[in-house]
Structures are given as structure tokens and as C-alpha cells.
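S.K.: Okay, here's the structure, questions in a sec.
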Amino acid sequence: MKLKTILLIALLLLLILLPSFGGKYLLYMAIHILILSVFALGFNLLLGYTGLLSFGQAGFFAVGAYTSAKILLVIPSLLLGTVVGTLAGGISALILGYLCIRHTRIYFSMLTLSFGMMIYSLAWKWREVTGGDDGLVGIPRAPLEIPGIFSINMNPMENYYYFVLVVSVIAIFFIYRMVNSPFGLTLKGIRDSENRVAFAGVSIRTYRLLSFVIAGLYAGLAGSFLPPLENTVTPPIAHWTHSAEPVMVTLLGGIHTFSGPIIGSILFYIIKDLIVRFTQYWLIIFGSIVILLVLVFRGGVVVFFSENILPRFIKK
Amino acid sequence: MLEKLLFQSLIGLSLSMYLWLLAAGLTIVFGVLGVLNFAHGSLFMLGAYATFTLYGKLGLNFWISILLSLISVGMIGAVLERFFFRRIYEIDLPYQLILTFGFILIFDDLVKMIWGGVAMIPPMPSFLEGNLAILNRPYPIYNIFIIIAGVVVAIVLWLLLEKTWWGRMIRASASDREMASAIGINIPGLFTTVFIFAAMLAALGGALGTPVRVVAPGIGTAMIIQAFVITVIGGLGNLKGAFVGALIVGILTSFGILLFPVFELFIIFVVMAIVLLIKPEGLFGK
């Protein structure tokens with residue numbers, strides 16, 4: 001068996017068995033890692049595979065989170081909240097993406113930034129709908145149910161953990177199949193040589209838009225996981241500094257590897273958890289790590305590991 | 001009614017000049033060095049904190065406090081350029097942006113560590129207190145001071161760039177880095193001076209703002225985004241554009257607060273998006 005497969009199975013086993021030995025806090029962390037992974041994987045479909053750096057993903061994340069929160073406050077159905085939240089992220093990405101993909105490079109980044117901040121200012125100021133800077137509170141962790149067929153109580157942390165885990169794994173599997181399909185290859189082709197792909201008769205815009213919408217769906221899904229976990233949503237999740245999070249973890253893990261965003265998300269929370277034990281000012285250290293990453297190992301941790309560390313063990 | 005509009009424009013004008021101080025440095029760094037510096041807002045914040053400490057806490061003379069703040073933030077800028085920014089001029093956009101973002105994280109937490117996380121209100125120098133009657137309405141003297149400062153900075157910048165040897169070298173290397181290097185301009189050294197200068201401009205904005213604004217850890221990330229809007233509207237790297245962009249954003253914001261108090265922030269991002277969609281190189285871009 002290949003090393004990759006062994007690692008993957010080990011990781012999955014660990015995740016499945018986590019509730020049997022981990023406490024509530026560990027599960028809470030794991031859910032956050034899964035949320036960030038899904039968020040960053042969608043983001044990296046744009047950056048790593050399509051070559052577009054979005055600085056407004058937090059906007060779609062927030063649309064997903066606020067939509068699912070609004071639904072859960074009215075109809076306590078986890079499934080409905082998640083599905084509609086995800087779709088809301090995708091639909092807003094379709095509308096705004098239609099405009100954003102007219103540009104590439106820095107102009108694309110600035111456009112996504114401006115749309116993301118529009119969503120932020122709505123979340124912050126449109127008090128009647130979003131609750132303003134207090135956000136929405138008292139969101140229930142509604143049961144997972146299809147009326148008349150089954151109903152699972154989501155109040156225990158481990159049940160909600162399993163829900164997020166299963167949905168995330170399915171989402172990750174989907175995007176894995178996607179990037180290894182002709183669709184993914186076309187995206188990479190556009191990233192590397194726009195003109196050649198255009199000459200082959202492919203509509204560049206359609207592919208960029210599709211990639212944007214999928215990234216929006218994933219941001220929406222990640223966002224809709226959040227309200228049932230925290231029981232509240234607040235405007236900072238739409239702020240541009242939150243858009244920087246998937247950028248950081250993706251670059252940390254590695255932009256040109258599929259697992260990069262996931263590894264980056266895991267490292268992000270592990271690093272945070274380790275440093276916070278010593279000082280509350282963990283961002284000083286994390287910022288330094290980010291700077292070191294750019295200056296020293298720009299390929300990301302996954303590439304660094306598989307090129308520099310792994311070969312030493314395999315040679316023996 | 002006309003008087004009210006005029007007066008509101010005057011309020012907006014002082015906001016514009018305040019934003020201009022911030023956007024000028026960001027624009028110069030992008031125009032010459034080619035890096036969009038997210039951390040520019042953090043340098044602004046450091047300038048505000050330095051002035052707050054020197055003037056508000058230690059009770060030094062207002063002007064000496066500002067001068068010392070500019071020097072210290074300039075020195076931080078020198079370190080940033082010499083050891084970090086210099087290495088990223090040639091690399092891909094995402095890495096550039098995230099390096100500058102790393103500095104935001106560091107400075108934000110550093111500020112919290114040194115000064116604490118709460119917002120503080122610095123004292124106002126006595127000569128800036130009070131109002132002047134303009135159009136039969138009280139107009140703060142401080143606002144007049146900011147407008148004068150903004151105009152002075154604009155004139156000084158113009159003179160520096162157009163009339164001095166240093167300015168000529170900057171313009172030469174901004175339009176063709178290799179050619180400028182070939183005719184003997186020391187590009188790395190020049191870039192360091194440009195970055196220091198921009199850092200000091202940011203600090204000046206922060207320092208002059210302290211008498212009326214709160215000083216808090218988040219002001220860097222809040223301000224930098226306004227500066228982005230301005231530079232995008234005027235054209236990335238275009239100083240004249242940044243000046244006009246600052247006028248537009250400042251006046252729009254002051255009317256926005258008056259007319260649609262809920263959506264004033266929303267509106268300036270709409271303007272930013274419209275400019276990007278219709279004329280991505282900005283109103284004054286080539």
C-alpha cells in the first residue's frame with residue numbers, strides 16, 4: 001500500500017474514534033478544523049487550481065452562516081439550515097462571481113475584497129435582519145431529522161461532531177474527484193496558459209465562474225456549520241481579516257497540493273492551541289510563522305515534508 | 001439648504017485630508033515598490049500609539065511628540081523593508097499579500113501586549129480646541145488643522161517628486177526598474193528610503209488623528225481598507241488619483257452618514273466595485 005493511503009486511513013480512523021477518547025474541547029477544536037478545511041479547500045479551488053486570489057471568501061462564509069442561523073431560528077431543522085445555507089453561499093457567489101471573474105490578478109482580489117466588505121457592512125449595520133453588531137443569538141443546535149423517518153438529537157457535542165465530520169468528508173471527496181476530473185484539468189490549464197485553453201475552444205469565463213460558485217458553495221457550507229456550534233453569529237466572520245484565514249492556511253499547507261488546505265487548517269489550530277498555553281498573544285508567533293513561511297518554505301508544509309523530510313526515511 | 005450641503009462638504013473635506021495622509025504612503029509603496037502593503041494600516045496605528053504615549057502620557061510637546069513618532073515608525077519601516085519586503089518584490093501576489101498580513105497580526109498583538117486591548121481617548125492640544133463660525137455653524141478648529149496638514153503634505157509630495165533629484169530617481173525606477181538600475185541608481189537603497197518615507201506618512205496620519213479619534217488595536221485593519229478603496233478609485237500607484245479618491249471617499253462618507261446612516265460604509269464599497277468594473281485602472285490610471 002502506498003504511504004499516502006496508509007496516512008489517509010490512519011487519519012480517518014483517528015477522526016472516527018476521536019469522541020471515544022477526546023473530551024468536549026477536543027471535539028470542539030476538531031469541528032473548527034473541519035470548518036476551516038472545507039472553507040479553505042473551496043478557496044484553493046480558486047487559488048491553487050484556477051489561479052485567482054479571492055480576498056472576499058468571508059462574505060460567502062457569512063452568507064451561509066447568517067442564512068442557516070435565520071432558518072434555524074424559525075424552523076429547527078439542521079438539515080434544512082445546512083442545505084439552504086450552502087445554497088445561499090453558492091447563489092451569492094454566482095451573482096457576484098459573474099462580475100468578479102471579469103478580472104484576474106490584483107483587480108480580481110480587489111473586487112472580491114470590495115464585495116466581501118459590502119456583505120460585512122450589511123451584517124454590521126442592517127440591524128433589522130442581521131442583529132447588527134450584536135449578531136444573532138440563541139440559535140438552537142436543531143436535531144437532524146427527516147419528519148416521519150428519523151430524528152437524531154444534536155445536543156451532545158459528539159453527535160454534532162459526527163454530523164460535521166460526515167458532511168465534510170463527503171464534501172472533501174467531491175472536490176477531490178472534481179480536481180482530478182477533466183474539469184479540474186481544464187482549470188489548471190486556464191491557470192497555466194489562458195490563451196491555449198481558449199484556443200482549444202473552452203469558455204474561460206464559464207470555467208472561472210463555475211470554480212467561483214463551487215468555492216462559494218464550500219464557503220457557505222463551512223459557514224452554515226458554525227451557528228449550531230456556537231449558538232450565535234456575529235459580523236466579524238464577514239470581515240476581510242477572516243477572508244485572510246483560508247489564504248494563510250492554504251499557503252501554509254501548500255497551494256499546489258490537494259491536501260494543503262487541510263494540513264494547513266490542522267496546523268493552524270494546533271499551533272494556536274500550543275501557543276495559547278503560554279501567552280494570549282499568540283498572533284505574534286503565528287504572524288512570525290506566516291512571514292517565515294513566505295521567506296523560507298514557500299511551497300508549503302506538504303511539499304517541504306514530502307521533498308525534504310520524507311526521502312530521508314525512505315532511503316533507509 | 002445650500003449652506004447645509006456646503007457645511008457637510010467641509011466636514012467631509014477634513015475626513016478626506018485625513019484619509020489622504022494614509023492613502024498617500026500606500027500609493028507610493030505600490031507605485032514604486034510594486035507591493036500592496038496591508039501592514040500600512042499597522043504603521044498608521046503605531047504612529048497613533050507613539051504620539052498618544054509621548055504626548056498624552058508623558059506630556060511632551062505636541063510637535064516634538066509627532067516628530068519622535070515619525071522617526072520611530074520610520075525606523076520600523078527601515079527594518080521592515082531592509083529585512084523582509086526586499087525579499088518579496090519578485091514573488092507571486094498571494095505570498096506578497098500574506099507576508100504583509102503577517103505583520104498586521106504581529107503589530108496588532110504587540111500593541112495589545114504593550115498598551116492593553118482597550119480603546120483610549122488621547123487629549124487634544126489646547127490650540128486645536130474650540131470652533132470657528134463658518135456659514136453660521138460651529139466648525140472645529142481641529143478640522144481646519146487637518147485640512148491644512150493634508151494640503152501641505154500634498155504640496156510637499158509634489159515638490160519632492162517633481163523638483164528634487166530623489167524624486168526623479170523614484171519616478172525613473174517606478175517606470176523602469178532595470179533601466180534605472182542600469183544608469184546607476186542604487187535601487188535597493190532608494191527603495192528603503194521610499195519605504196521609510198511612506199511609513200512616516202502613515203505615522204503622520206495616525207499621529208494627527210489622535211486628538212479626535214480613539215486609539216485602539218483594531219484601527220490599523222479598519223483604516224487600511226479605507227485606504228484600499230481610495231487607491232483603487234484613483235488608480236493603484238497613482239498619487240494624484242489617491243488625492244482625488246480621498247476627496248471622493250471623504251465627502252461621500254460625510255454625506256452618507258447624514259443621508260443613509262445605515263449604509264454609509266456599504267456605499268463606498270459599491271463605488272470601489274463600480275470603478276473596478278468600469279475602469280479597473282482607476283479614474284486617473286494610464
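S.K.: Would you mind calculating the relative contact order of the stretch A:24-237 from Cα pairs under 8 angstrom and at least 6 residues apart, reporting the percent as a whole number?
M.R.: Reported as a whole number, the value is 43 percent.
S.K.: Here's something else I'd like to know. What shape does the protein assembly as shown take by its C-alpha gyration tensor, where a ≥ b ≥ c are the square roots of the eigenvalues and a/c under 1.5 counts as rounded, a/b above b/c as prolate, and the rest as oblate?
M.R.: prolate
S.K.: To the nearest Å, what is the center-to-center distance of the stretch A:59-74 and the stretch B:108-141, using C-alpha atoms only?
M.R.: When both Cα centres are located, 38 Å separates them.
S.K.: Continuing with this model, one more query. Note down the net charge around residue B:162, summing +1 for each Lys or Arg and -1 for each Asp or Glu among other residues with Cβ under 9 Å from its Cβ.
M.R.: +3
S.K.: Starting from the Cα coordinates of the stretch B:150-205, work out the convex hull volume and express it per residue in Å³.
M.R.: 71
S.K.: Beyond 23 Å, what share of the Cα-Cα pairs of chain B is found? Please give it as a whole percent.
M.R.: Distances greater than 23 Å cover 55 percent of the Cα pairs.
S.K.: Quick check on my link table: of A:125/B:279; A:24/A:272; B:240/B:279; B:57/B:112; A:272/B:112; A:70/A:125, which ones sit more than 21 Å apart, alpha carbon to alpha carbon?
M.R.: Where the Cα-Cα span goes over 21 Å, the pairs concerned are A:125/B:279.
S.K.: Select from the stretch A:216-316 those chymotrypsin sites (Phe, Trp or Tyr not before Pro) which occupy a DSSP coil region and have at most 13 other Cβ atoms within 10 Å, ordered by residue number.
M.R.: Hits after loop and neighbour filter: A:278.
S.K.: May I pose another question? Taking neighbour counts of Cβ atoms within 10 Å as a proxy for exposure, in what order, fewest first, do B:100, B:192, B:164 appear?
M.R.: Sorted ascending by nearby Cβ count, the order is B:164, B:192, B:100.
S.K.: Taking H as built 1.01 Å from N, whose amide H comes closer than 5 Å to the amide H of residue A:145, not counting residues under 5 places away?
M.R.: The answer is A:78, A:79, A:152.
S.K.: OK, next. Using alpha-carbon pairs under 8 Å, 6+ residues apart, how would you state the relative contact order of chain B in percent?
M.R.: Contact order relative to length: 38 percent.
S.K.: Using the Cα atoms of the stretch A:205-293, I'd like the radius of gyration and the largest Cα-Cα distance, Dmax, both in angstrom.
M.R.: 15.0, 49
S.K.: Work out from phi, with θ = phi - 60° and the Karplus expression 6.51 cos²θ - 1.76 cosθ + 1.60, the ³J(HN,Hα) of each residue of the stretch A:72-89, listed in order in whole Hz, and give x for Gly and Pro.
M.R.: For the stretch A:72-89, the Karplus curve yields 4, 5, 9, 10, x, 9, 4, 4, 4, x, 5, 5, 5, x, 4, 4, 4, x Hz.
S.K.: Using only the Cα atoms of the stretch B:197-286, build the gyration tensor, take square roots of its eigenvalues as a ≥ b ≥ c, and label the shape rounded, prolate or oblate: rounded if a/c is under 1.5, else prolate if a/b is larger than b/c, else oblate.
M.R.: In terms of gyration-tensor shape, oblate.
S.K.: May I ask for the net charge around residue A:154, where only other residues with Cβ less than 12 Å from the Cβ of residue A:154 are counted and Lys, Arg are +1 while Asp, Glu are -1?
M.R.: Summing Lys and Arg as +1 and Asp and Glu as -1 gives -1.
S.K.: Got the relative contact order for the stretch A:185-297 handy, in percent, Cα pairs under 8 Å and 6 or more residues apart?
M.R.: Computed over the stretch A:185-297, the figure is 11 percent.
S.K.: Another one. In whole Hz, what ³J(HN,Hα) sequence does the stretch B:178-195 give by Karplus (6.51, -1.76, 1.60; θ = phi - 60°), x for Gly and Pro?
M.R.: Listing the rounded values in order: 5, 5, 4, 5, 5, 8, x, 7, 7, 4, x, x, 4, 4, 4, 5, 4, 5 Hz.
S.K.: Taking the Cα centre of the protein assembly as shown as origin and charging only Cβ (+1 Lys, Arg; -1 Asp, Glu), how large is the dipole, in debye to the nearest 20?
M.R.: Roughly 1040 debye, rounded to the nearest 20.
S.K.: Something else now. Once the convex hull of the alpha carbons of the stretch B:13-150 is built, what does its volume come to per residue, in cubic angstrom?
M.R.: Value for the stretch B:13-150: 129 Å³ per residue.
S.K.: Now a separate question. When Lys and Arg each count +1 and Asp and Glu each count -1, what net charge do the other residues less than 12 Å away from residue B:103, Cβ to Cβ, add up to?
M.R.: -3
S.K.: Provide, as a two-decimal number, the C-alpha radius of gyration of chain A over 2.2 N^0.38 Å, N being how many residues it has.
M.R.: Ratio of Rg to 2.2 N^0.38 Å for chain A: 1.00.
S.K.: As a footprinting exposure proxy, order A:129, B:229, A:303 by other Cβ within 10 Å, with the fewest listed first.
M.R.: A:129, A:303, B:229
S.K.: Rounded, prolate or oblate for the stretch A:1-94? Axes are the square roots of the Cα gyration tensor eigenvalues, ordered a ≥ b ≥ c, and the cut-off for rounded is a/c under 1.5.
M.R.: oblate
Quick note: the coordinates plus some simple rules give every number you see, no bench work behind them. On a predicted model such as this, the values are computed, not experimentally measured, just so you know. Neighbour counts are summed over all protein chains in view; Cβ atoms, including those assigned to glycine, are modelled from backbone coordinates with ideal geometry.
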